[in-house]
Amino acid sequence: MKIVFCCTNTKAEPWLEGFRQALPGVDIWEWQAAQPGEAPKLADHAVVWSPPQSFLDEQTQLQNLFNIGAGVDALLKLKMPASLNIVRLNDAGMSVQMAEYVCHAVIRYFREFDHYDKDAQAQRWSYRKPTLRADFSVGILGAGVLGSHVAKTLQTFEFPVNVWSRSPKHIEGVKSFSGAAQLPEFLKATRVLVNLLPLTPETENILNSEHLMQLQQGAYLINVARGRHLVEQDLLDALANGHMAGATLDVFREEPLPQAHAFWTHPQITVTPHTSARTLREESIAQIAGKIKAVYAGQAIEGRVDKVRGY
Ligand code: NDP
Ligand code: OXD
């Protein structure tokens with residue numbers, strides 16, 4: 001079994017060592033483009049994150065691309081044979097991190113901790129009127145692996161939770177909205193909007209003026225999916241006109257976020273560097289190695305991407 005590793009922004013050696021332990025006897029190496037005139041070494045499977053087109057052009061015998069992330073938008077931009085499977089990470093320790101991040105952001109806004117921080121800096125002892133939890137419903141765009149876990153975790157704090165997805169969901173205590181026809185009703189019921197959709201042609205720019213202005217007055221946005229979901233100027237406008245109260249943004253159209261970008265210094269926006277749910281090496285290696293073994297045993301595996309649907 002031959003596996004090639006091609007992940008941008010990740011040191012290869014600890015991953016290669018982990019796969020050698022998880023799959024004894026495997027031939028695994030880090031991809032380097034073959035020199036002109038040199039025959040490339042071809043693998044059966046690849047472990048990838050955002051590989052260049054030249055990688056796929058060269059690796060012509062691949063059966064499976066195992067993505068070391070949940071989102072496959074970067075991979076789907078590449079040209080590849082229809083027979084090549086893309087397999088995404090299913091959770092692998094990401095859903096609990098995502099739940100921590102989103103709950104932290106929701107609670108920080110709900111309990112007005114930013115105001116208490118300012119008061120503390122000014123040594124001011126001053127209470128704020130509690131917000132009614134029943135009026136503070138959280139709406140999650142996307143109810144897949146991450147969105148459904150976030151929904152269940154938010155419920156433990158007794159927030160009203162709604163989800164919106166392509167197909168209806170049955171999560172106890174959570175109201176499910178589905179399809180384009182139910183999006184306006186979902187938005188109207190939402191005070192805090194959490195985005196956990198995959199980036200596809202259908203979802204790109206979904207966080208736009210038309211949709212943001214349908215949220216409840218004083219709405220708050222938490223974008224933890226992809227930067228290209230958000231029309232950035234539309235968020236700035238909704239904050240400037242007072243319809244929205246703030247946003248916590250983990251993902252951006254351009255990453256790293258450029259130094260001069262307005263989001264860095266905006267008083268109502270909190271920026272984090274695409275860190276809400278990090279890929280965890282041990283969990284990811286265990287999951288991918290398990291899937292490779294399942295492939296050889298002729299078993300079905302979770303996380304096969306539907307290339308037409310885009311996730
Ligand atoms: P899943 O594929 O498990 O879930 C996607 C959800 O989105 C599903 O509920 C799906 O509906 C819904 N959906 C997709 N397209 C539409 C549409 N057109 N209309 C309505 N609903 C739609 O993905 P994950 O939960 O694992 O991950 C979600 C995204 O989070 C990833 O694609 C990635 O971009 C991002 N991410 C960000 C990270 C970060 O650190 N910031 C880390 C990890 C992931 P249905 O269930 O009906 O198919
Ligand atoms: C992912 C990510 O998609 O890290 O997994 O953004």
Notebook entry, point to check: Which pairs break 24 Å Cα to Cα here: 77/293; 2/293; 11/291?
Noted result: 77/293
Checklist line | Under the span-like rule (Cα at least 20 Å along the axis, Kyte-Doolittle mean at least -0.5), DSSP H helices of the chain | finding: 94-110, 281-296
Check: How much of the calculated P(r) for the stretch 154-208 lies past 17 Å, in percent of all Cα pairs?
Finding: 38
Check: For the stretch 94-271, what is Rg from Cα atoms divided by 2.2 N^0.38 Å, rounded to two decimals?
Finding: 1.00
Checklist line | Average accessible surface area per residue within the chain, 1.4 Å rolling probe, Å² | finding: 51
Notebook entry, point to check: Within straight cross-link reach of residue 118, meaning Cα distance under 28 Å, which lysines are found once same-chain residues fewer than 8 apart are removed?
Noted result: 129
Next item on the list: With a 1.4 Å probe and every protein chain kept in, tell me what percent of the accessible surface of the stretch 3-76 is carbon plus sulfur.
Entry: 49
Checklist line | Rel. contact order, % - alpha carbon contacts under 8 angstrom, at least six apart, the stretch 94-271 | finding: 16
Margin query: Let me understand the chain better: what is its radius of gyration from the alpha carbons, and its Dmax, in angstrom?
Written below: 21.6, 74
Next item on the list: Beta carbons within 10 angstrom, averaged per residue: use that to sort the peptides 120-130, 148-158, 180-190, highest first.
Entry: 148-158, 180-190, 120-130
Notebook entry, point to check: Normalised by the number of residues in the stretch 228-311, what is the relative contact order in percent for Cα pairs under 8 Å and 6+ residues apart?
Noted result: 21
Item checked: Relative contact order for the chain, counting Cα pairs under 8 Å that sit 6 or more residues apart, in percent -> 16
Notebook entry, point to check: Based on the alpha-carbon gyration tensor of the stretch 19-175 and its eigenvalue square roots a ≥ b ≥ c, which shape applies: rounded if a/c is under 1.5, prolate if not and a/b is larger than b/c, or oblate?
Noted result: prolate
Checklist line | lysines whose Cα lies under 19 Å from that of residue 79, excluding same-chain neighbours fewer than 8 positions away | finding: 307
Margin query: Can you tell me which lysines have their Cα less than 20 Å from the Cα of residue 152? Leave out same-chain residues fewer than eight positions away.
Written below: 169, 175
Margin query: Considering only protein heavy atoms and a probe of 1.4 Å, how much of the accessible area of the stretch 94-271 is carbon and sulfur, as a whole percent?
Written below: 54
Notebook entry, point to check: To the nearest 0.05, what FRET efficiency results for residue 107 and residue 39 with a Förster distance of 51 Å applied to their C-beta separation?
Noted result: 0.35
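The values are calculated or read from the model by the stated rules, or taken from the named source; none is laboratory data. Please read all numbers here as calculations on a predicted model, not as lab measurements. All Cβ positions, glycine included, derive from the backbone under ideal geometry; neighbour counts span all protein chains shown. Surface areas here come from the heavy atoms of the whole protein model, side chains and all, with no ligands, DNA or RNA. Shrake-Rupley method; radii C 1.70, N 1.55, O 1.52, S 1.80 Å.
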